[in-house]
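The values are calculated or read from the model by the stated rules, or taken from the named source; none is laboratory data. Bear in mind the structure is a predicted one, so any value in this text is a computation, not a measurement. Every residue, glycine as well, gets a Cβ built from its backbone with ideal geometry; the counts of neighbours run over all protein chains shown.
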């Protein structure tokens, strides 16, 4: 199975192209790593380099980039509009294919330890890899920037690094390493040099100040261009999409008599994010990714049908059906439960999209659009769980195959079996929780949708309920093999809560 991650290291150098070339060269020299993109910004004095490949190869490339930055960048001489605490300021790992966020957390922590061991640069962990709640938010780690953190870390345990230190490196500062979902770095430029206006707009839209749930923002002074900029990090583009951010910035800007004069994406952006913006602004009816020429060409080259095009629905489903029917233990009931939940979310998406296009449901258009984003996210997570459940079972089987010739080997094997079995219980528990939440969310749509689609929505709710109950069966059977009584007790309390939730929900007959 392909295992692919992305890593987007940010370095505190955006003015010297030769230094950025050297950073790229150091990282691209690792076999199996592709440098997908590089961005430089002189005002920010920062570059962003996007790597992709197998996890171990990408980790080594990132480490070499940190080492090269140590040689090239002196933070005591660095100035720029963007906050920073390190020559290599931040190193996030992002799961792409065949890798979970938990895998990226483990990789981030390994890389963090290696940065200290190789280069004596202290490390903070953030986002999903954070060891302390206050460090999950990158803004908290960067408070005071390099200069402030350099003074405070040695005397304040709460601001001390997670690895190494407590003193920062004299010239390279500290590096912040983490694991997160795909992030879109999106900047909107205003037709004013007044940074105070950009700061006010940033405060209005960022979540920490009561704004958009998945947006972080700050004002930036683009002195070279005579403009103020609202610099935004979008941590979940499906729930807080590009068009919603742009619309809110434009609306806030009008309050101060200014307007956007352009926007930019730093690094890469998923095609889906642009499709969603096109769908919103063009009000496309029944738009599908299959209508994008490049998508259709890619599918033709790979010999696969596009969604809703070619080969028939049965042909599209056949590989998965055959995999379930095969005389192997995985994919099994857990994967099928996750599939049922994903299908339920897909039915909800169909109903929400069709309903919001009808004049009779116009009053619910905004609510249906918001629900659509939630349903897409839920469906994607449940779809990923199809493979995650199979992989969890494979991990249990691999643990059972460990050597057991000596007492030490038997102990290691037993511990590995217990750990893998916990993973095999946690995946379906997440499926059950997500499916139960989905069941409720679909129920909330009933007053908003076109009556002609009520049967589709109710089929979706029945599928969501089946997904939740099926996943709970897989949790129960795995808990029987786990010897950690406290762990089992906690898991059973969570399953009981889900069962009570399901027992209190009924799907009305059409």
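The number of residues in the range 384-422 that are under 23 Å from residue 477 (Cβ atoms) and either surrounded by 14 or more Cβ atoms within 10 Å (Cβ to Cβ) or within 29 Å of the chain's Cα centre (by Cα) (or both) comes to 26. Selection of first residues in the range 165-185 that are without any contact (Cβ under 8 Å) to a residue 12 or more places away in the chain and of second residues that are surrounded by fewer than 18 Cβ atoms within 10 Å (Cβ to Cβ) and in a loop (DSSP other than H, G, I, E, B), restricted to Cβ pairs under 9 Å at least 6 apart or on distinct chains, gives an empty result. Against the numbered list (1) in contact (Cβ under 8 Å) with a residue 60 or more places away in the chain; (2) within 19 Å of the chain's Cα centre (by Cα); (3) in the same structural domain as residue 229 (by TED's automatic domain parsing), residue 214 comes up short only at (1). Annotation note: of 216, 181, 200, the sole residue that is in a loop (DSSP other than H, G, I, E, B) and either under 29 Å from residue 262 (Cα atoms) or modelled with pLDDT of 95 or more (or both) is 181. Within the range 397-413, residues that are free of Cβ contacts under 8 Å to residues at least 12 places away in the same chain have Cβ atoms under 8 Å from residues that are in a helix (DSSP H, G or I) and surrounded by fewer than 13 Cβ atoms within 10 Å (Cβ to Cβ) in these pairs: 403/409, counting only partners at least 6 apart in sequence or on another chain. For residue 475, indicate whether it is within 16 Å of residue 424 (Cα to Cα), crowded, with 20+ Cβ neighbours inside 10 Å and assigned by TED's automatic domain parsing to the domain that holds residue 432. Criteria met by residue 475. With respect to (1) buried (at least 22 other Cβ atoms within 10 Å of the Cβ); (2) within 15 Å of residue 7 (Cβ to Cβ); (3) at pLDDT 95 or above, the lone exception for residue 60 is condition (1). For residue 356, indicate whether it is surrounded by 14 or more Cβ atoms within 10 Å (Cβ to Cβ), in contact with a helix residue (DSSP H, G or I) (Cβ under 9 Å, 6 or more places away or on another chain) and free of Cβ contacts under 8 Å to residues at least 24 places away in the same chain. The answer is yes for residue 356. Restricting 132, 118, 109 to residues that are on the phi < 0 side of the Ramachandran plot and more than 20 Å from the chain's Cα centre (by Cα) narrows the list to 118. Taking residue 33, is it under 16 Å from residue 82 (Cβ atoms), in the same structural domain as residue 63 (by TED's automatic domain parsing) and either touching a residue at least 40 places away in the same chain (Cβ under 8 Å) or buried (at least 16 other Cβ atoms within 10 Å of the Cβ) (or both)? No: the conditions fail for residue 33.
Against the test of being surrounded by fewer than 18 Cβ atoms within 10 Å (Cβ to Cβ), at pLDDT below 95, within 27 Å of residue 61 (Cβ to Cβ) and in contact with a strand residue (DSSP E or B) (Cβ under 6 Å, 6 or more places away or on another chain), the options 138, 131 yield a single qualifying residue, 131.
Screening 299, 378 for residues that are in a helix (DSSP H, G or I), outside the structural domain of residue 99 (by TED's automatic domain parsing), at pLDDT below 80 and at negative phi leaves exactly one candidate, 299. Considering 316, 350, the condition of being at pLDDT below 80, surrounded by 15 or more Cβ atoms within 10 Å (Cβ to Cβ) and assigned to a helix (DSSP H, G or I) is satisfied by 316 alone.
Condition (residue is over 18 Å from the mean Cα position of the chain (by Cα) and in contact (Cβ under 8 Å) with a residue 24 or more places away in the chain) applied to the range 91-106: is it met by at least one residue? Taking every residue of the range 91-106 in turn, none turns out to be over 18 Å from the mean Cα position of the chain (by Cα) and in contact (Cβ under 8 Å) with a residue 24 or more places away in the chain.
Here residue 447 meets each of (1) assigned to a helix (DSSP H, G or I); (2) closer than 25 Å to residue 500 by Cβ with one exception, condition (1).
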